[in-house]
Amino acid sequence: FYQINVSLNGKHFFETDKYSIPNKETMEEVYKIFKKKFPIDEGYELLVWDMVGRFIDTNYLNEDN
């Protein structure tokens, strides 16, 4: 499972439920949607964690392919 944390101007805004993103493929889809809905230039930041508590590097998802 994965969890996405959304912050706004450096403060917690919201996060997904810890069981709502069951696999890597779903996490990648949700991340791409969140990236469009919560843009960096408006002060948002997205962080992804797996349910073991490890930060997931999403730089590969930030490339516009």
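The values are calculated or read from the model by the stated rules, or taken from the named source; none is laboratory data. This is a predicted model, so every value here is computed, not measured. Quick reminder, even Gly has a Cβ in these numbers, built from the backbone with ideal geometry, and neighbours come from all protein chains shown. We work out accessible area using only protein heavy atoms, side chains counted, and drop any ligands, DNA or RNA first. Shrake-Rupley method; radii C 1.70, N 1.55, O 1.52, S 1.80 Å.
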* Structure fact -> Whole-percent carbon and sulfur contribution to the accessible surface of the chain (1.4 Å, no ligands, DNA or RNA) stands at 51
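Can you tell me the dipole magnitude for the chain around its Cα centre, using point charges on the Cβ only (Lys, Arg +1; Asp, Glu -1), in Debye to the nearest 20?
For this selection, approximately 180 debye.
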* Structure fact -> Accessible-area order for T26, T16, largest to smallest, probe 1.4 angstrom, reads T26, T16
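If we count every other residue with Cβ under 12 angstrom of W49's Cβ, Lys/Arg +1 and Asp/Glu -1, where does the sum land?
Summing Lys and Arg as +1 and Asp and Glu as -1 gives -1.
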* Structure fact -> A correct Kirkwood calculation over the Cα atoms of the chain returns a hydrodynamic radius in Å of 11.9
* Using +1 at the Cβ of each Lys and Arg and -1 at the Cβ of each Asp and Glu in the chain, identify which of P22, I40, H12 lies farthest towards the dipole's positive end. => H12
* **For the chain: relative contact order, % (alpha-carbon pairs under 8 angstrom, 6 or more apart)** => 38
* To do: DSSP loop (so not H, G, I, E, B), at most 13 other Cβ within 10 Å: list which trypsin sites (Lys or Arg not before Pro) in the chain pass both filters.
  => K18, R54
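What is the local net charge at N23, summed over the other residues whose Cβ is closer than 12 Å to its Cβ (Lys, Arg +1; Asp, Glu -1)?
It works out to a net charge of -3.
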